[in-house]
Amino acid sequence: MPTESPSSAATLAGAGLRAPVGIFDSGLGGLSVLRAVRAQLPDEAMLYVADSLYAPYGERDDDFIADRTLAIGEWLVKQGAKVLVVACNTATAQSIALVREKLPIPLVGVEPGVKPAALQSKTRVAGVLATQVTLRSARFQALLERYAEDCRFLCQPGHGLVQAVERCDVNSAELRALLRSYLQPMLDAGADTLVLGCTHYPFLDAAIRDIVGDRLTLIDTSIAIARQLERVLDQHGLRAAPQNGSTLPRFYSTGDGAHQQQLAATLLHIDAAVERVLIPSRRTAAPDSQPA
């Protein structure tokens, strides 16, 4: 077993504690996870990467999603991230097992809240809004098989919802009409619970509430993700020491970052610049795949 002198071990430990948490999403949805993490772990520094140039992942093939997730995970490791939060249901569903094998840091993924919905539903009918890729994934199907024995889950692909959040549309008449078309059949079928199966969707909370009122209990897993991250940090001895005041996250985007900055300011009350980065990968190496 390798050994270290007490002084060098202490130095490495201190550096690890101060290292940032890396948070990654295909676009802006992971900001809902970042919001929960900041509330749960205010002493942690954070790096947030939105792969907005290639969003939404829900319309990509499985290999593309795994390729981008691994490339961005490797980039965050190079930036010194001590743990990676894959704050994207689609990326988690399709690639977290592969990425966990490849990266040298702990990973925290996300998954739709099927278990808490099954536990909470009184009518035993629950709705799920998620991307088509998430709904068809083996990981999601396994969740249904495990927790949906006596609960009927109505699974609805949220076509257009990610794109709406990406352009900072969380309350337009068009968005509300789209949401109503997805939610009314769930209400008509007797659902009393709704799983927000994409990290973009918590930003639509107010619009959803206006449509369904108190008839649906919303299941947002961002708080559970933050608590799981806390457990992982403690398990690996990587929890940051208490500080005076929280550190502002550092934001990166493979797109222009304008909507990311707007959403962070409007919904998270964080006024911070977004740095544009080029993160090449096997599937995006062709000239016509590079940023303009």
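The values are calculated or read from the model by the stated rules, or taken from the named source; none is laboratory data. Note that the structure is predicted; figures quoted are calculated from it, not measured. Here the Cβ positions follow ideal geometry from the backbone for every residue, glycine too, while neighbour counts run over all protein chains shown.
Quick notes on this structure:
- Taking region 267-282 as the range and being surrounded by 14 or more Cβ atoms within 10 Å (Cβ to Cβ) and closer than 18 Å to ARG38 by Cβ as the test, the residues that pass are LEU267, LEU268, ILE270, ALA272, VAL274.
- Filtered residues of region 219-250 (kept if in contact with a helix residue (DSSP H, G or I) (Cβ under 9 Å, 6 or more places away or on another chain) and basic (Lys, Arg)): ARG227, ARG239
- Filter result for ALA81 (more than 19 Å from THR221 (Cα to Cα) and in contact (Cβ under 8 Å) with a residue 40 or more places away in the chain): yes
- Test: residue in region 86-94 that is farther than 17 Å from ALA50 by Cα, surrounded by fewer than 18 Cβ atoms within 10 Å (Cβ to Cβ) and polar (S, T, N, Q): no
- Residue in region 173-188 that is aliphatic (A, V, I, L, M), at pLDDT 95 or above, surrounded by fewer than 14 Cβ atoms within 10 Å (Cβ to Cβ) and farther than 20 Å from PHE153 by Cα present: yes
- Qualifying residue in region 157-164 (condition: surrounded by fewer than 18 Cβ atoms within 10 Å (Cβ to Cβ), hydrophobic (A, V, I, L, M, F, W, C) and closer than 30 Å to SER253 by Cα): no
- Unique match (being farther than 19 Å from THR90 by Cα, small (Gly, Ala, Ser), outside the structural domain of GLY30 (by TED's automatic domain parsing) and touching a residue at least 40 places away in the same chain (Cβ under 8 Å)) among GLY213, GLY190: GLY190
- Taking each residue of region 249-267 that is assigned by TED's automatic domain parsing to the domain that holds VAL85 and among the hydroxyl-bearing types (Ser, Thr, Tyr) and looking for partners that are surrounded by fewer than 20 Cβ atoms within 10 Å (Cβ to Cβ) and assigned to a strand (DSSP E or B) with beta-carbon atoms closer than 8 Å, six or more apart or interchain, yields TYR252/GLU275; TYR252/ARG276; SER253/GLU275; SER253/ARG276; THR254/ARG276.
- Within region 46-81, considering residues that are in a loop (DSSP other than H, G, I, E, B) and at pLDDT 95 or above, the one surrounded by the most Cβ atoms within 10 Å (Cβ to Cβ): ASP51
- Scanning region 225-241 for residues that are farther than 11 Å from LEU17 by Cβ and either out of contact with any strand residue (DSSP E or B) (no Cβ under 7 Å at 6 or more places or on another chain) or among the hydroxyl-bearing types (Ser, Thr, Tyr) (or both) yields a count of 6.
- Matching entry among ALA240, ALA224 (being farther than 25 Å from GLY197 by Cβ and either touching a Leu at 6+ places or on another chain (Cβ under 9 Å) or in contact (Cβ under 8 Å) with a residue 12 or more places away in the chain (or both)): ALA240
- Some residue of region 187-206 being in a helix (DSSP H, G or I) and of a type in the set (Val, Ile, Thr): no
- Residues in region 58-95 that are over 24 Å from ARG231 (Cα atoms) and of a type in the set (Lys, Arg): 2 in all.
- Matching residues, region 207-230, being in contact with a Pro (Cβ under 7 Å, 6 or more places away or on another chain) and assigned to a helix (DSSP H, G or I): SER222
- Failed condition for LEU233, given (1) in contact (Cβ under 8 Å) with a residue 60 or more places away in the chain; (2) aliphatic (A, V, I, L, M); (3) surrounded by fewer than 18 Cβ atoms within 10 Å (Cβ to Cβ); (4) part of a helix (DSSP H, G or I): (3)
- Of all residues in region 193-218, those satisfying the criterion of being over 26 Å from VAL49 (Cβ atoms) and surrounded by 24 or more Cβ atoms within 10 Å (Cβ to Cβ) are THR193, LEU194.
- When region 263-283 is filtered for residues that are part of a loop (DSSP other than H, G, I, E, B) and within 11 Å of SER253 (Cβ to Cβ), the ones remaining, listed by number, are ALA273, VAL277, LEU278, ILE279.
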